[in-house]
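What follows is a set of notes on a single structure, which appears directly below.
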Amino acid sequence: MKKKSLKIVCTLFISLLATTFFYSCDKDTDCYVKVTTIDAQSGKPLSGTYVSLEQKGNIYAQEITDADGVCTLTLTAPALMNVVAKYEYKADGLPTNKFFYHKGETAVRLADGETKEVTIQIDRTGEPLSDPR
């Protein structure tokens, strides 16, 4: 009788461990950052803005904002990242490979399966930075 009870308890325990193991393997560990870019003066969305997740000069994810000034970036591991937004344009009368941009940025800490929402304001009244291509 004791052997039969012990076998049942062991079987249930192993089943519980297996269920826990397989359930934890399906967990979504991707991290998401939903970024909205807006003009600092007008408050209107800035479409076509290049947004990237960067750390120590390396780019880990990059997207371009849609007509509503929104994009979502995905990172496969938790991290502390800089969210950098560049609004680019070509100045009239300059060579075709000369672009200017205004930049805004913030930092975000990402955890497993988490989605963060950030808004970046870009001030387009200041002196633009140049980016020769």
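The values are calculated or read from the model by the stated rules, or taken from the named source; none is laboratory data. None of the values given here were measured: they were computed from a predicted structure. As a convention, Cβ positions derive from the backbone with ideal geometry for all residues, glycine included, and neighbour counts pool all protein chains shown.
Okay, here's what the table says:
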{"read-out": "Candidate set from the stretch 46-73 (those that are farther than 12 Å from K103 by Cβ and in contact with a Cys (Cβ under 7 Å, 6 or more places away or on another chain)); member that is surrounded by the most Cβ atoms within 10 Å (Cβ to Cβ)", "value": "T65"}
{"read-out": "Which numbered condition T29 fails, given (1) modelled with pLDDT of 90 or more; (2) part of a loop (DSSP other than H, G, I, E, B)", "value": "(1)"}
{"read-out": "Qualifying residue in the stretch 54-63 (condition: modelled with pLDDT under 85 and either part of a loop (DSSP other than H, G, I, E, B) or over 11 Å from the mean Cα position of the chain (by Cα) (or both))", "value": "no"}
{"read-out": "Subset tally (residues that are surrounded by fewer than 17 Cβ atoms within 10 Å (Cβ to Cβ), part of a strand (DSSP E or B), at pLDDT 90 or above and touching a Phe, Trp or Tyr at 6+ places or on another chain (Cβ under 9 Å)) for the stretch 82-115", "value": "1"}
{"read-out": "Selection count, the stretch 34-45, where residues are surrounded by 15 or more Cβ atoms within 10 Å (Cβ to Cβ) and part of a strand (DSSP E or B)", "value": "6"}
